[in-house]
Structures are given as C-alpha cells and as structure tokens.
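For reference, the structure discussed in these notes is given below.
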C-alpha cells in the first residue's frame, strides 16, 4: 500500500571532519528535497563507542537506541559519506555494526539512498559498493538510481560558507531525493 502525505528522511553522515565536504552536502539536503519531504541529520557517528560485544552485554548505549528509533520512524534513510581506503569509513561502519545488533534492527526493509563525495575523480563509488553489500545483508532497500557520487567535490562547494554551489550536483541530488520519495511511498 502506498503512503500518502508528508515524508521524513533521516541522514547518517559518515564523516567526522569539522569542514567535511560530505557534511556540506548533507546540510544542503533539506533545501533540495521535494515538497512534502523533511530531512534531518542523525547523531554524529563519532559519538558511538567502539563496538564491543562485552559493552553490548551491559546494554545498548543511548545513542544507539535513539538513532535506531529515529531510523525506524523515518520514511527513508540517506547515507552521506566519504570513502576511506576504498571502503566505508570506520566510524560509519562502527555505527552500522551497533545498529544492526538491536532487536528489530532499523535497516530491515527501510528505503535507503547513498550519497558519496570525495576529492578524487570517482566520488566514493567503491564505498557505495561496500555499503550496498552491508545493506543487502541487513535487508535494507537501497535505491539503485540515480546514483550520487560527487567527484572533485572541492570544486562543487564554497568551503568558506559550507554551501553546495554546483548547480548540476544540486540538480542530481534533487532528482535522487525525488526518486527516494517515490520509492518510500511505494514501500509505505
């Protein structure tokens, strides 16, 4: 059954850097979202403790349960992340590991989109491949197209203001958000 009405998207940012290019993209999402879609950033992945089964046995940290509740309540989740060493940044992978261990893990059947950006020419595509693999195992529903991999991101933002300035990139991200809204409504 399709969902009508407004949608809420949650964003999990995979970067810790204060002047992160990916954070600049994540902050631009609310203004690029189609009408009827709100977008909000989740808690920083750097605030999660290192995953440890012994720590889990003592109880899930509040940040894990709070983030999981927010993901479950959202109509879709967007990963915005750089690529580290051809893969998922460690802090983001750590957050995914924590979240995946909860009963009723929040990625299951959740509509998802992936956005990556890097200063190199490939825009983080290898990270997307690995993130998609992880989401297959966790039963996430990853939107296939359009893909957002922003290469040479440093030329597409104004580092002084933190604004995503490149019109083509803004347009492509807007197209992905509209496609994610349609996808989420069909999954609804």
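The values are calculated or read from the model by the stated rules, or taken from the named source; none is laboratory data. Nothing here was measured: the structure is a model prediction, and the numbers come from that model. When we count neighbours, we look across all protein chains shown, and the Cβ atoms used for this are built from the backbone with ideal geometry, even at glycine.
Give me the pairs: first residue in the range 127-147 and at positive phi and modelled with pLDDT of 95 or more, second residue assigned to a loop (DSSP other than H, G, I, E, B) and crowded, with 17+ Cβ neighbours inside 10 Å, beta-carbon distance under 8 Å, and six or more apart or on different chains, which are they?
Close Cβ pairs satisfying both conditions: 139/107.
Does residue 78 satisfy the condition of being farther than 23 Å from residue 126 by Cβ and either modelled with pLDDT of 95 or more or surrounded by 16 or more Cβ atoms within 10 Å (Cβ to Cβ) (or both)?
no
Determine whether the range 109-123 contains at least one residue that is at pLDDT 95 or above, surrounded by fewer than 17 Cβ atoms within 10 Å (Cβ to Cβ) and over 23 Å from residue 24 (Cβ atoms).
The answer is yes, given that some residue of the range 109-123 is at pLDDT 95 or above, surrounded by fewer than 17 Cβ atoms within 10 Å (Cβ to Cβ) and over 23 Å from residue 24 (Cβ atoms).
Among the residues of the range 137-154, how many are part of a loop (DSSP other than H, G, I, E, B) and farther than 28 Å from residue 68 by Cα?
Qualifying residue count for the region: 2.
Whether any residue in the range 42-54 is within 22 Å of residue 164 (Cα to Cα), touching a strand residue (DSSP E or B) at 6+ places or on another chain (Cβ under 6 Å) and surrounded by fewer than 18 Cβ atoms within 10 Å (Cβ to Cβ) is what I want to check.
Looking for residues that are within 22 Å of residue 164 (Cα to Cα), touching a strand residue (DSSP E or B) at 6+ places or on another chain (Cβ under 6 Å) and surrounded by fewer than 18 Cβ atoms within 10 Å (Cβ to Cβ), one finds none in the range 42-54, hence no.
With the requirement that a residue be surrounded by 13 or more Cβ atoms within 10 Å (Cβ to Cβ) and in a helix (DSSP H, G or I), what does the range 155-178 give you?
Residues satisfying the conditions are 169, 170, 172, 173, 174, 175, 176, 177, 178.
Looking for something touching a helix residue (DSSP H, G or I) at 6+ places or on another chain (Cβ under 9 Å) and more than 26 Å from residue 144 (Cβ to Cβ) - is there at least one such residue anywhere in the range 22-38?
No; the residues of the range 22-38 include none that is touching a helix residue (DSSP H, G or I) at 6+ places or on another chain (Cβ under 9 Å) and more than 26 Å from residue 144 (Cβ to Cβ).
I need every pair where a residue in the range 60-72 that is closer than 23 Å to residue 184 by Cβ has its Cβ under 8 Å from the Cβ of a residue that is modelled with pLDDT of 95 or more and in a helix (DSSP H, G or I), sequence separation at least 6 or different chains.
67/95; 67/99; 68/99; 71/99
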